[in-house]
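Below is one structure; the comments refer to it alone.
FYI, it's all coordinate maths here, none of it is from the lab. Model, not experiment: these values are computed from the prediction. Here the Cβ positions follow ideal geometry from the backbone for every residue, glycine too, while neighbour counts run over all protein chains shown.
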Amino acid sequence: MQFEGATAIVTGAGQGIGAALARALAARGARVLVCDLSEDLAKRMADEVGGVPFHGDLCDPAVIESLVGTARAQFGSIDMLVSNAGFALGEPDGPTSQSDVHWQTSWDLHVMAHLRASRLLLPDMRARGFGVLVNVASAAGVLSQIGDAAYSATKHAAVSLAQSLAIEHSAEGIQVSVVCPLYVATPLLGYKGTEGDRPDRVIDPTEVAEATLRGIEEARFMIYPHPEAQTYFKHRAADSDRWIAGMQRLRARVTEQTDGSDPASIHRFI
């Protein structure tokens, strides 16, 4: 994959990992459409990287159609989709305590937004015999997120969708990658910037961006910015009962010392 002169859509690009990805792509010569729910954040980041701003709620299929239409009007063909937009709110009292609206929003943003954008972009990518589809999921998509079942379930679905896209379309020149970081110093975990004390394994968004682009260059499907996440995944696959028992012990520690409904509090125990 050559980034120089490539065109890319990056969602959730106003801050955090998405902003780091937009900067890294632009630094390598790519033209970037910066998409964010916030109009102000989208414009600020687009101005910074010399890109195109777009804002809107990606849970709405009409917004995704407008997103792709704007990218095509600005760039012509689209070489890369990086679906990074996401959110986590936690749950007050276990998996059943969050509303259907919360679950549906998680599904629409973490899974359907990528599917709907891919559906619109794939015909042209297949005709050209080239395209890159990247989903920034989470290590929760191969492990579990204590305190937010909707996040875990939909990130698992995002990984599964990426697998299906890779299986179905790789022979047509479509490269698919899924990114599964553990904890990253973003607003999702309560970090407003990259400065300040944090646990060693809470990494900077720029590290995720660099690992992602390196993985794309190497045409890797699974990209682990935290290498230990792959080791944890192997343990989970090898002995699920032991893995669940370990996670139950971790949950007990978290709920004893923090509000266990807040996913941002979990990272202090990794």
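What are the ³J(HN,Hα) couplings of region 136-142, residue after residue, when phi is run through the Karplus curve with 6.51, -1.76, 1.60 and θ = phi - 60°? Round to Hz, x for glycine and proline.
Those phi angles translate into 7, 8, 4, 4, 4, x, 10 Hz.
Check HIS55: other-chain or 5+ apart residues with amide H under 5 Å from its amide H, H built from backbone geometry?
For HIS55, the qualifying residues are ASP36.
Output wanted: per-residue J couplings in Hz (rounded whole) for region 32-48, from phi through Karplus 6.51 cos²θ - 1.76 cosθ + 1.60, θ = phi - 60°, x for Gly and Pro.
10, 8, 9, 10, 8, 5, 8, 5, 5, 5, 4, 5, 4, 6, 4, 4, 5
What nm distance separates the two modelled labels at GLU39 and GLU217, each placed 7 Å from Cα along Cα→Cβ?
3.8 nm
Can you sort MET247, MET125 from fewest to most other Cβ atoms within 10 Å of each residue's own Cβ? Intermediate values should be presented prior to the final figure.
Working: MET247 14, MET125 23.
Ordered from fewest to most neighbouring Cβ atoms within 10 Å, MET247, MET125 come out as MET247, MET125.
Which one, ALA153, ALA127, THR7, projects farthest toward the positive side of the charge dipole computed for region 7-269 from Cβ point charges (K/R +1, D/E -1)?
Positive-most Cα among the choices belongs to ALA127.
Give me the dipole magnitude in Debye, nearest 20, for the chain about the Cα centre, with unit charges on the beta carbon: positive for Lys and Arg, negative for Asp and Glu. Present the calculation step by step, with values, prior to reporting the outcome.
Working: 23 positive and 32 negative charges, 110 e Å.
Roughly 520 debye, rounded to the nearest 20.
Which one is right for this structure if semi-axes √(5λ) of the Cα gyration tensor in Å is calculated from it: (1) 30, 20, 18; (2) 33, 21, 16; (3) 40, 24, 18?
Here semi-axes √(5λ) of the Cα gyration tensor in Å agrees with entry (1).
Would you mind ranking TYR224, TYR151 so that the residue whose beta carbon has the fewest other beta carbons within 10 Å leads the list?
Working: TYR224 20, TYR151 26.
Lowest to highest Cβ neighbour count: TYR224, TYR151.
With everything on Cα atoms, drop me the angle between helix 61-75 and the longest principal axis of the chain, reported from 0 to 90° to the nearest 10.
Between helix and principal axis, roughly 40 degrees.
Taking +1 at the Cβ of each Lys and Arg and -1 at the Cβ of each Asp and Glu, which of GLY173, TRP107, ALA219 sits farthest along the dipole of region 107-254 towards its positive end, judged by Cα position relative to the Cα centre?
Of the candidates, TRP107 comes out farthest on the positive side.
Ordered by packing density, taken as the mean number of other Cβ atoms within 10 Å over each peptide's residues, highest first, how do 112-119, 156-163, 6-13 rank?
Values: 112-119: 21.9, 156-163: 20.1, 6-13: 26.5.
Answer by packing, highest mean first, reads 6-13, 112-119, 156-163.
222 nm [θ] for the chain, helices only, -39500 (n - 2.57) per DSSP H run of 4+, per residue, to 500? Intermediate values should be presented prior to the final figure.
Values: 9 runs with 126 residues, N = 270.
Helices in the chain give a 222 nm mean residue ellipticity of -15000 deg cm²/dmol.
Give me Rg over Rh for region 61-164, both radii from the alpha carbons and Rh done the Kirkwood way, two decimal places. Each step should come with its number before you reach the end.
Details: Rg = 15.3 Å, Rh = 14.7 Å.
My calculation puts Rg/Rh at 1.04.
Sort CYS35, CYS180, CYS59 by Cβ crowding within 10 Å, fewest neighbours at the top. Mind showing how you got there, number by number?
On the way: CYS35 34, CYS180 24, CYS59 18.
Listed from fewest to most nearby Cβ atoms, that is CYS59, CYS180, CYS35.
Amide H neighbours of MET222 under 5 Å, at least 5 residues apart or on other chains, H built in the peptide plane: list them.
VAL178
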